[in-house]
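S.K.: Here you go, one structure.
The values are calculated or read from the model by the stated rules, or taken from the named source; none is laboratory data. Keep in mind that this is a model prediction, so the values were computed, not measured. Glycine gets a Cβ as well: all are built from the backbone with ideal geometry, and neighbour counts include every protein chain shown.
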Amino acid sequence: MSDLEGRLDQIVRASPTLMRVLRGVREVGPPQWLLFSGGVYQTVWNAVTGRDPDYGLKDYDVGYFDPDTSWDAEDVWIKRVADAFDEPLKFQVELRNQARVHLWFEDRFGEPYSPLASTGEALERFVCPAFSVGIRLEPDDRLTIAAPFGLDDVFGMVLRPNPNRPLAKGWERVTASAKARWPECQVVERAWSRA
């Protein structure tokens, strides 16, 4: 485990709410599940800046992967996970089948999205590397960390465009929202070639 992975492990375990979410999802056990995005990077930013672990967190995004791309199959998992929590977590833990994302992504975000082969692959397509970190609490309480771009941007509070994709259409909105809650974060802009 690298120094930053060890630090992430400590930060996650120091957040009672995040640990409650991880334990609850682990009990339900959706296939290939990972908690990612704001639940991870915002918790890290709160630790780095000395804020309460729950500051600024609106929800906890959890991805899983089930080749059954029907809405009915996804709804079964969503209800199982919701039933594992009391309010407010019952409505804050948002589970989505990553095998279905390509079915709705373009309509919602105005960008094409090819099908994924795993939950981990989704991390490679997030808006920026700082958001591209997933964690899972294993049955032996070990924390699995998936970070295709590493952890430097998360701990450095740097928001830079994902080098694997065109600049996200909502880039300005996403970065402004993050900067409003964590003014310490740094937004790095760069030109993109859409060739």
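S.K.: Within the stretch 118-148, how many residues turn out to be free of Cβ contacts under 8 Å to residues at least 24 places away in the same chain and either of a type in the set (Asp, Glu) or farther than 22 Å from Val21 by Cβ (or both)?
M.R.: Selection size over the stretch 118-148: 3.
S.K.: Continuing with this model, one more query. With respect to Asp52, is the statement that it is more than 24 Å from Ala130 (Cα to Cα), surrounded by fewer than 20 Cβ atoms within 10 Å (Cβ to Cβ), of a type outside the set (S, T, N, Q) and modelled with pLDDT of 95 or more true? Show your work before the answer.
M.R.: Values: more than 24 Å from Ala130 (Cα to Cα): no; surrounded by fewer than 20 Cβ atoms within 10 Å (Cβ to Cβ): yes; of a type outside the set (S, T, N, Q): yes; modelled with pLDDT of 95 or more: yes.
No.
S.K.: Please go through the stretch 14-40 and give me each residue that is within 20 Å of Arg100 (Cα to Cα) and over 13 Å from the mean Cα position of the chain (by Cα), ordered by number.
M.R.: Hits for the stretch 14-40 are Val25, Val28, Gly29, Pro30, Pro31, Gln32.
S.K.: Which residue pairs have Cβ atoms closer than 6 Å, lie 6 or more positions apart in sequence or on different chains, and pair a first residue in the stretch 1-26 that is assigned to a helix (DSSP H, G or I) with a second residue that is surrounded by fewer than 17 Cβ atoms within 10 Å (Cβ to Cβ) and among the acidic types (Asp, Glu)?
M.R.: Thr17/Asp54
S.K.: Any idea how many residues of the stretch 82-124 are basic (Lys, Arg) and at pLDDT below 95?
M.R.: Here is the first cut: in the stretch 82-124, the residues basic (Lys, Arg) are 90, 96, 100, 108.
Now restrict to residues that are at pLDDT below 95: 108.
Looking only at that region, the number is 1.
S.K.: Find the residue count for the stretch 163-176, including only residues that are surrounded by 14 or more Cβ atoms within 10 Å (Cβ to Cβ) and under 16 Å from Gln186 (Cβ atoms).
M.R.: 3
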